[in-house]
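A short worksheet on the structure shown next.
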Amino acid sequence: MDIPTIAEGTETARLRSLEQLAILDTTPEARFDQITRMARHLFGVPMSAVSLLDRDRQWVKSTQGLDMQNIPRAQTVCQTTIARAYHHPEDPMLILEDTRRETAFADLPGVAADGGVRFYAGYPLYGPGGHPVGTFCIYDTEPRTLDSTQLAAFVELAEWAQRELEHSDELGRAARIQRELLPRHEIDLPGYEVESSCVQAFAVGGDFYDYYRVGADAMFSLADVMGKGLGAAILTASVRSALRGVTHALAAYGEDRPDLGRTVAAVAAQLAEDFDRTGTFVTLFHARIDVDSGALHYVDGGHGLAMIVRRDGTVEQLRSSGLPLGVVDNDSWAVQYSTLHPGDMLVICSDGLLDHLDAIDGEWESVPAFAAAHPSPTRLLAAVHDLAAVAPPLDDITVVALRRHDC
């Protein structure tokens, strides 16, 4: 068998298509593992895999029976399946009933070794633009054939894997859009330091944070929509847009300092039907800071995870006085007050941080203790990322920290 090649320009486009999926080196996912487990059982083979072909390696996203995740590209049969998809798009499947009878593959380490691959069936998986970026494969250590019924089942499983890969592409696009909705530029706050971050547990999440200037004040928001995934992300974008829209609309009509209670009530009313139809709700902390004086006005709708780390190390937790948005129709929210003095730091976070602190054996007694131990935005956010590196978070970890400089 002659091994087809991929032109340099085509390979560049193919690698770009793979990059757009944003799936390389991600953690195992049940949706792919279900396919490889079923394939192994259905065909009675010892090995099956869903893998992606990078520039120099084949990376295995899901595997049953294969004790490896990265294979040098030059040592793979799958690179031929990928190339075949360009040369024979009408029949891209590659079947090798006995690999050792094929001189092009007989000397590959995975074939020549004792107990190596003697049977191979591979079907290309496609990324954005229609480029083959990976394969769905089954392997056996003995030569064998597939009858017409088995071939049809093999193609159906490959199509299932393709649909899951396309779902990954949709999530990737959603994740990029969600990142674009976060604040993109430094906020102009002379005399203050601001740091913020969202460590997402999944490709897209249900948290968001926002900050921007309105006249002499600065607005800060952090919200957490119930749920995960694409649905939560859509509602997250709606809440963000509604908050900004109501705030700027009231300011445009002469309210330089719109009442935060009215703002949140208007947002809740605007999204009431969405919350009702989706059966969800959102916790929200929404604040306004007078940049000159440090006066802080805020509304807490069931969030309960905002605090001020005072200059002397004590922590003032900003109490929650209202329900989440979407729980009760025509609800109202009271405005609370505090002051950010020189040397004080406002910390707003999502419950993902609380859950993660609990998950690592209670290293920290509480979020306030964790915040007090890192009394600057830079140190706090660095500690959050270090914490997330210990183990993948099970929920989004979102933190905004604002410190007023010492006089």
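Electrostatic bookkeeping for residue 69 treats Lys and Arg as +1 and Asp and Glu as -1; over the other residues with beta carbon under 13 Å from its beta carbon, the sum is -1. Across region 376-390, rounded Karplus estimates of 3J(HN,Hα) from the backbone phi angles (6.51 cos²θ - 1.76 cosθ + 1.60, θ = phi - 60°) give 8, x, 5, 5, 5, 5, 4, 5, 4, 5, 4, 5, 5, 6, 5 Hz, Gly and Pro being marked x. Summing Lys and Arg as +1 and Asp and Glu as -1 over all other residues whose Cβ lies under 11 Å from the Cβ of residue 139 gives a net charge of +1. Evaluated at q = 0.09, 0.17 Å⁻¹, the base-10 log of the normalised Debye intensity for region 8-175, with identical point scatterers placed on the Cα atoms, takes the values -0.27, -1.02.
If we count GluC sites (Glu not before Pro) as exposed when they sit in a DSSP loop and have at most 13 other beta carbons within 10 Å, what is the longest stretch of the chain that avoids them all? Formally, the longest exposed-site-free interval is 187-362. About its Cα centre, the chain has a charge dipole of approximately 400 debye under the convention of +1 per Lys or Arg Cβ and -1 per Asp or Glu Cβ, with nothing else charged.
Using a cut-off of 13 Å between beta-carbons, work out the net charge of the residues near residue 321 (Lys and Arg +1, Asp and Glu -1, residue 321 not included). Charge balance in the 13 Å sphere: -1. Between residue 241 and residue 355, residue separation times 0.36 nm minus the direct Cα-Cα distance comes to 38.3 nm. Considering only 335, 264, 289, and ranking their Cα positions along the charge dipole of region 182-404 that arises from unit charges at the beta-carbon of Lys, Arg, Asp and Glu, the one farthest toward the positive end is 289.
Between 0 and 90 degrees, the angle of helix 148-181 with respect to the longest Cα principal axis of the chain falls at about 30 degrees.
Using the rule -39500 (n - 2.57) for each DSSP H run of four or more residues, divided by the residues of the chain, the 222 nm mean residue ellipticity is -12000 deg cm²/dmol. Subtracting the Cα-Cα distance of residue 163 and residue 277 from 0.36 nm times their residue separation leaves 38.3 nm of extension gain. Expressed as a fraction of 2.2 N^0.38 Å, the value expected for a compact globular protein of N residues, the C-alpha radius of gyration of the chain is 1.25. If R0 is 56 Å, what FRET efficiency do you get for residue 42 and residue 329 from their C-beta distance, rounded to 0.05? About 0.65, to the nearest 0.05. Remark: region 8-175 carries a charge dipole of roughly 140 debye about the Cα centre, counting +1 on each Lys and Arg Cβ and -1 on each Asp and Glu Cβ.
Coordinate-derived values only; no laboratory data. On a predicted model such as this, the values are computed, not experimentally measured, just so you know. Glycine gets a Cβ as well: all are built from the backbone with ideal geometry, and neighbour counts include every protein chain shown.
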